[in-house]
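Peer 1: Dropping the structure in here first, questions after.
Bear in mind that the values in this text are calculations on the coordinates, not laboratory data. As the structure is a prediction and not an experimental result, all values here were calculated from the model. Cβ placement follows ideal geometry from the backbone for every residue including glycine, while neighbour counts extend to all protein chains displayed.
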Amino acid sequence: MFIRHETIEKNAILMLVLTLITISIGGIVEIIPNFTIETTIEPVKGVRPYSPLELMGRNIYIREGCYLCHSQQIRALKDEVERYGHYSLAAESQYDHPFQWGSKRIGPDLARVGGKYSNDWHYAHLIHPQALVPESLMPRYAFLAETPLETKILDKHLKANRTVGVPYTDEDIANAKKDLEAQANPEADTDFEATLKRYPKAIQVPGKPGEPTELDALVAYLQVLGTMADFSSVTPEQLNR
C-alpha cells in the first residue's frame, strides 16, 4: 500500500492526472443532481420581493457594512432557534442579490428582527445605539436621518433586479415611486392599500411628507426581515431539509 503511494507521490504527472480525476468525479456528483430538479429552493407561501422602500433600505444596509457585524441566518441548532426563532429557509433569501447570511455576530442575528421592536425603537437605536443598549459597540447612524433618499433610478433598480430573476411586474415598476412614498409617510396622499396589495406585510415608517430619508428606508428594511414566510404552509419534508 505504501509502495503504491510512494509511486504516485514521486510521479508528478501521475499525481496530477489522478487528482484531476478525483476532482472531476466529486464535481459531477455535486453538479449533475441540480439539473434533475426544477429548483433547489422550495417555495414558501408569503415570501415576496422587497418593496421599493425596503429595497433601497437594503442597499443602505449593505453600503454601511451592517452585514459585517450582523448575520441573517439562523442555524438549525437548539440555542439559536430558542433565541432567534425558526431556523432560516432558503426561500427567505431567494430574492436577495447578494444574500446577507454573514459569518460574524458581533451584534445579534437579524433574520427575524422584523416586528420585534417598534419603528420608534429602531429610529432611536440607529441614531444613538448606546442610549438603548449601553454595552453596544454599534456606531451611530444619525446622519442617515438627515440624508435624503435617492430615488431617481428607482425604476431602473427594480428592472435590474428583474433581470436577475426577481419577479417585479411592469405594474410594480410603474408604481415604484408611489409605493415608496406611501410606505415612507403615513400622511402621504398616495394609497397605501394599493401598496399593501403588491407588497403584503409592508410596514409604514413615520417619514416626513415628501422627504423620505435613508433612515426611513433602512428601518423599513429591518421591519420586514423574517416576517414574510408563512411557516404553517411549510411541509415537514421542507423543514427537515
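Peer 1: Taking segment 110-198, how many lysine pairs are there with alpha carbons less than 25 Å apart, if each pair must be eight or more places apart or span two chains?
Peer 2: 12
Peer 1: Given H placed 1.01 Å from N in the peptide plane, which residues other than close sequence neighbours of Ala188 have an amide H under 5 Å from its amide H?
Peer 2: none
Peer 1: What does the charge count near Thr169 come to, summing +1 for each Lys or Arg and -1 for each Asp or Glu among other residues with Cβ under 13 Å from its Cβ? Don't skip to the end; give the middle numbers.
Peer 2: Working: positive: Arg48, Lys159, Arg162, Lys197, Arg198; negative: Asp155, Asp170, Glu171, Asp172, Asp179.
Local charge sum for Thr169: 0.
Peer 1: List, in order, the whole-Hz ³J(HN,Hα) value for each residue of segment 129-142 obtained from phi through the Karplus relation with A = 6.51, B = -1.76, C = 1.60 and θ = phi - 60°; use x for Gly and Pro.
Peer 2: With the stated coefficients, segment 129-142 comes to x, 5, 5, 9, 10, x, 7, 5, 9, 5, x, 7, 10, 4 Hz.
Peer 1: Using the Cα centre of the chain as the reference point, and only Cβ charges (+1 on K/R, -1 on D/E), how large is the resulting charge dipole? Debye, rounded to the nearest 20. If you can, show how the numbers build up before the last one.
Peer 2: Values: 25 positive and 32 negative charges, 117 e Å.
The calculation lands at about 560 debye.
Peer 1: Sum -39500 (n - 2.57) across every DSSP H segment of at least 4 residues in the chain, then divide by the residue count to get the 222 nm mean residue ellipticity, nearest 500. Let's see the in-between values first.
Peer 2: Numbers: 12 runs with 107 residues, N = 241.
Calculated from helices alone, the mean residue ellipticity at 222 nm is -12500 deg cm²/dmol.
Peer 1: Follow-up. Looking at the chain from every direction and averaging, what is the projected area of its Cα convex hull in nm²? All intermediate terms of the calculation are to be shown ahead of the outcome.
Peer 2: On the way: hull surface 76.4 nm².
For the Cα atoms of the chain, the hull's average projected area reads 19.1 nm².
Peer 1: Per residue of segment 175-180, what does 6.51 cos²θ - 1.76 cosθ + 1.60 with θ = phi - 60° give for ³J(HN,Hα)? Whole Hz please, x for Gly and Pro, Karplus curve as stated.
Peer 2: Rounded to whole hertz, the list is 9, 4, 5, 5, 5, 4.
Peer 1: Among Asn59, His157, Gly27, whose Cα lies farthest out toward the positive end of the dipole of the chain, if unit charges sit on the beta carbon of Lys, Arg (+1) and Asp, Glu (-1)?
Peer 2: Value: Gly27.
Peer 1: Angle, helix 52-63 long axis vs. longest principal axis of the chain, Cα atoms, 0 to 90°, nearest 10?
Peer 2: Tilt relative to the chain: about 60 degrees.
Peer 1: Grab the eigenvalues of the alpha-carbon gyration tensor for segment 98-217, scale each by 5, take roots, and send me the semi-axes largest first in whole angstrom. Present the calculation step by step, with values, prior to reporting the outcome.
Peer 2: On the way: eigenvalues 149, 71, 38 Å².
Value: 27, 19, 14 Å, ordered largest first.
Peer 1: Next question. Going by amide H atoms built from the backbone, whose H comes under 5 Å of the H on Thr213, apart from near neighbours?
Peer 2: Leu149, Lys208
Peer 1: Then there is this: Please find, in a Gaussian network model of the chain (springs between Cα atoms separated by less than 10 Å), the residue of Leu18, Leu89, Leu144 whose mean-square fluctuation is greatest.
Peer 2: Between Leu18, Leu89, Leu144, it is Leu18 that shows the largest mean-square fluctuation.
Peer 1: Give the angle, between 0 and 90 degrees and rounded to the nearest 10, that separates the Cα long axis of helix 214-224 from the longest principal axis of the Cα atoms of the chain.
Peer 2: Helix 214-224 and the main axis of the chain meet at about 60 degrees.
Peer 1: Please give the helix 12-31 orientation as an angle from the longest Cα principal axis of the chain, in degrees from 0 to 90, rounded to the nearest 10.
Peer 2: Tilt of helix 12-31: around 40 degrees.
Peer 1: Which aspartates and glutamates, if any, have their Cα less than 18 Å from the Cα of Lys208, not counting same-chain residues under 8 positions apart?
Peer 2: Glu54, Asp120, Glu146, Glu150, Asp179, Glu181, Glu187, Asp189, Asp191, Asp216
Peer 1: For segment 103-112, take each phi angle, set θ = phi - 60°, evaluate the Karplus expression 6.51 cos²θ - 1.76 cosθ + 1.60, and give the result in whole Hz per residue in order, putting x for glycine and proline.
Peer 2: 9, 10, 9, 5, x, x, 5, 10, 4, 10
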